[in-house]
Amino acid sequence: MNSQFQWLIFDADDTLFDYAYGERNALETTFREFGLPFDARALELYRDINHQLWLRFEKREITGAQIRAERFTKLFAALAQREPPGLAERFIDHLAEQTTLIQDACELVRTLQRTYRLAVITNGMARVQQPRMAQSLLAPYISELIISDQVGAAKPAPEIFDYAFARMGNPPRERVIIIGDSLTSDMQGGVNYGIATCWYNPAHQPRPPQLPLTYEIHALRELIPLLTTEN
């Protein structure tokens, strides 16, 4: 394979882990546990509220603790229901159990780790991300797991990349590439930090002209031939 890169940095959710599936499963399990009806409207409302809060988190406007505190308060207000005590904590417990992977993710990292060192940088909660990774099929192949909750900074902030690079032994930036689905955190963070980027874009969204991405793939299996042929 291409020896240009020494380290491959992956995003976790919606790049390696099937977060959409896991989130729905955890949310439905939690609602059923508390005797609450769960439907498409509740899921859609939750996802919109949660997404907006995480965007604010990326901009350093709120903390992870505020996300945990506010998302269900806002959800149940929108549903015109009373939030059951303890529901938010049980949701985190169930989310930590979700280890379903994106198609080809396990075979991809198993193959790549023979040639490259692999790291994961995730904007997430250690209480969720650590057990998920430990229980997943990916665990034996990932050398470093960097979680924003533990670092005190989140992608796209340079501080989380500084921390990751220190853990990785400070490789030259030209020997590192980040692969992820998020333009605002993964790709923007990589561009800002001066490392190569690979946008995982399974929905074939338009490529933003203002963001100079290095590569783009639409399926994880496309990464191996890309690394093999590109210089």
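The values are calculated or read from the model by the stated rules, or taken from the named source; none is laboratory data. Remember, predicted model here, so these are calculated numbers, not experimental data. No Cβ is skipped: glycine too gets one built from the backbone with ideal geometry, and neighbour counts run over all protein chains shown.
Scanning the stretch 178-198 for residues being assigned to a strand (DSSP E or B) and either among the hydroxyl-bearing types (Ser, Thr, Tyr) or buried (at least 24 other Cβ atoms within 10 Å of the Cβ) (or both) gives a total of 5. Being among the acidic types (Asp, Glu) and either more than 17 Å from LEU16 (Cβ to Cβ) or touching a helix residue (DSSP H, G or I) at 6+ places or on another chain (Cβ under 6 Å) (or both): is that true of GLU216 here? The answer is yes for GLU216.
Within the stretch 21-39, is even one residue of a type in the set (A, V, I, L, M) and without any contact (Cβ under 8 Å) to a residue 12 or more places away in the chain? The answer is no; no qualifying residue exists.
Entry remark, the stretch 136-148: residues being among the small types (Gly, Ala, Ser) and either crowded, with 22+ Cβ neighbours inside 10 Å or in contact with a Cys (Cβ under 9 Å, 6 or more places away or on another chain) (or both) number 2 in total. Can ALA96 be described as farther than 30 Å from PHE5 by Cα, more than 17 Å from the chain's Cα centre (by Cα) and either in contact (Cβ under 8 Å) with a residue 24 or more places away in the chain or not assigned by TED's automatic domain parsing to the domain that holds THR197 (or both)? So ALA96 fails the test.
For the stretch 191-201, indicate whether the set of residues that are touching a residue at least 12 places away in the same chain (Cβ under 8 Å) and at positive phi is non-empty. Checked against the condition, which is being touching a residue at least 12 places away in the same chain (Cβ under 8 Å) and at positive phi, the stretch 191-201 yields at least one hit.
A quick yes/no check of all residues on (1) surrounded by fewer than 19 Cβ atoms within 10 Å (Cβ to Cβ); (2) in the same structural domain as ILE178 (by TED's automatic domain parsing); (3) at negative phi:
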position: ALA77; (1), (2), (3): yes, no, yes
position: GLN81; (1), (2), (3): yes, no, yes
position: PRO85; (1), (2), (3): yes, no, yes
position: GLU89; (1), (2), (3): yes, no, yes
position: LEU108; (1), (2), (3): no, yes, yes
position: GLN113; (1), (2), (3): yes, yes, yes
position: TYR116; (1), (2), (3): no, yes, yes
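Evaluating LEU53 against the criteria (1) in contact (Cβ under 8 Å) with a residue 24 or more places away in the chain; (2) assigned to a helix (DSSP H, G or I) leaves one unmet condition, (1). Confirm whether LEU211 is buried (at least 18 other Cβ atoms within 10 Å of the Cβ) and either at negative phi or touching a strand residue (DSSP E or B) at 6+ places or on another chain (Cβ under 7 Å) (or both). No; evaluated as a whole, the condition is false for this residue. For the stretch 124-135, filtered to residues that are crowded, with 21+ Cβ neighbours inside 10 Å and at pLDDT 95 or above, the residue that is nearest to PHE91 (Cα to Cα) is VAL128. In the stretch 30-50, which residue that is part of a helix (DSSP H, G or I) and among the hydrophobic types (A, V, I, L, M, F, W, C) is farthest from ALA20 (Cα to Cα)? Among those that are part of a helix (DSSP H, G or I) and among the hydrophobic types (A, V, I, L, M, F, W, C), it is PHE31. Set side by side, the residues ASN123, ASN50 differ, and just one is more than 28 Å from LEU226 (Cα to Cα) and within 16 Å of the chain's Cα centre (by Cα), which is ASN50.
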